[in-house]
Amino acid sequence: MSEVRVWVNGALVAADQPAIAAIDHGVTVGDGAFETCKIVEGHAFAMSRHLARMDRTLAGLGLAAADHDRVREGAHAVLAAGDPISFGRLRWTITGGIGPLGSDRLDSALTYVVTAGAVAPPPPTVQVVTVPWVRNERAATAGLKTTSYAENVIALARAKRHDATEAIFGNTRGDLCEGTGSNIFVVRDGVVSTPPVVDGPLAGITRELVLQWGREAGVDIREETMQLSVLQDCDEIFLTSSLKDVRPVTRCDDRELSPGPVTRILDQVWRTKEVEGIDP
């Protein structure tokens, strides 16, 4: 693993140095929110959109609003702590702070953790498997980017055992939902579709930009409910995420696919638009 730079509550600390309380509610019960931005040549991409989504997650959790300037202070500290990171991950985590060992909360100050590190560029294509577990589209945390990520860890481990890059969830109704850390799109007869947020997926930042930029480029791109079985007969599949951008799927379970023309168009649209500004 490459070097990870860490800032906690106003100070840079060593990555392996204890820096938050053992009874922080983010540690004991996963009571917190996080965001991950792509780092491009030392700068965080689409940070304002990520901060806005963090606000929605904290509100959904019933936590106090976070101080954006505090997050930006931490981001600047880790990004400036060494040589510029050409490609990497900037992650900030906001927790409920000191809490009891159960699910109750105290009236504590939020804990701020910001980290940054270089990562390898993603492979040009991805392979996915569907998993037997579901996203609960009616859960209290549906659509929130919380630190309670255990089910994603389990699903991704299953995907790795099947030589896949990502695991794909349906929801409780059998509809297509999302990956552990990505949104999913399918192409049928030239029309691009992705599950709406009411079906349980996270409202991904790259998803949001692909919808916006794709429509501006004249691509027929929609949010619509689809059965999970759509993966067996659609023409193309691709994933989006902050680090993957637009990535074609070349295997879904036992089905082989090729990167298709519509995915290539959207990939080119992405590459053209993202260089126009670091904070679209």
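Some observations on this one:
- Every residue from the range 39-50 that is open to solvent by less than 10 Å² (accessible area, probe 1.4 Å) and under 13 Å from the mean Cα position of the chain (by Cα): A46, H50
- Subset tally (residues that are without any contact (Cβ under 8 Å) to a residue 60 or more places away in the chain and open to solvent by less than 10 Å² (accessible area, probe 1.4 Å)) for the range 186-197: 4
- If you filter the range 91-142 down to residues that are free of Cβ contacts under 8 Å to residues at least 24 places away in the same chain and of a type in the set (D, E, K, R), you find that the one that is nearest to T165 (Cα to Cα) is D104.
- Taken across the range 134-142, residues that are in contact with a helix residue (DSSP H, G or I) (Cβ under 6 Å, 6 or more places away or on another chain), buried (at least 18 other Cβ atoms within 10 Å of the Cβ) and part of a loop (DSSP other than H, G, I, E, B) do occur, with at least one present.
- Subset of the range 1-20 (residues that are in a loop (DSSP other than H, G, I, E, B) and surrounded by fewer than 16 Cβ atoms within 10 Å (Cβ to Cβ)): M1, S2, E3, G10, A14, A15, D16, Q17, P18
- Unmet criterion (only one of (1) assigned to a loop (DSSP other than H, G, I, E, B); (2) open to solvent by less than 10 Å² (accessible area, probe 1.4 Å)) for G181: (2)
- Taking the criterion of being in contact with a helix residue (DSSP H, G or I) (Cβ under 9 Å, 6 or more places away or on another chain) and either open to solvent by 40 Å² or more (accessible area, probe 1.4 Å) or within 21 Å of A65 (Cβ to Cβ) (or both), the residues of the range 104-129 that qualify are R105, L106, S108, L110, T111, Y112, V113, V114, Q127.
- Residue satisfying condition, being part of a loop (DSSP other than H, G, I, E, B), under 18 Å from the mean Cα position of the chain (by Cα) and under 30 Å from P121 (Cα atoms), within set G88, G82, G30: G30
- Residues that are under 29 Å from L51 (Cβ atoms), out of contact with any strand residue (DSSP E or B) (no Cβ under 8 Å at 6 or more places or on another chain) and either of a type in the set (G, A, S) or in contact (Cβ under 8 Å) with a residue 60 or more places away in the chain (or both) within the range 206-244 comprise E208, L209, W213, A217, listed in sequence order.
- Residue in the range 72-80 that is in contact with a Cys (Cβ under 7 Å, 6 or more places away or on another chain), modelled with pLDDT of 95 or more and surrounded by 14 or more Cβ atoms within 10 Å (Cβ to Cβ) present: no
This table checks each residue for (1) in contact with a helix residue (DSSP H, G or I) (Cβ under 8 Å, 6 or more places away or on another chain); (2) outside any strand (DSSP E or B).
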| site | (1), (2) |
| --- | --- |
| T225 | yes, yes |
| L231 | no, yes |
| V249 | no, no |
| S258 | no, yes |
| V262 | no, yes |
| Q268 | no, yes |
| K273 | yes, yes |
| P280 | yes, yes |
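The values are calculated or read from the model by the stated rules, or taken from the named source; none is laboratory data. Remember, predicted model here, so these are calculated numbers, not experimental data. Heads up, the Cβs are rebuilt from the backbone with ideal geometry, glycines too, and the neighbour counts pull from every protein chain shown. Side chains included, ligands, DNA and RNA excluded: accessible areas come from the protein's heavy atoms. Shrake-Rupley method; radii C 1.70, N 1.55, O 1.52, S 1.80 Å.
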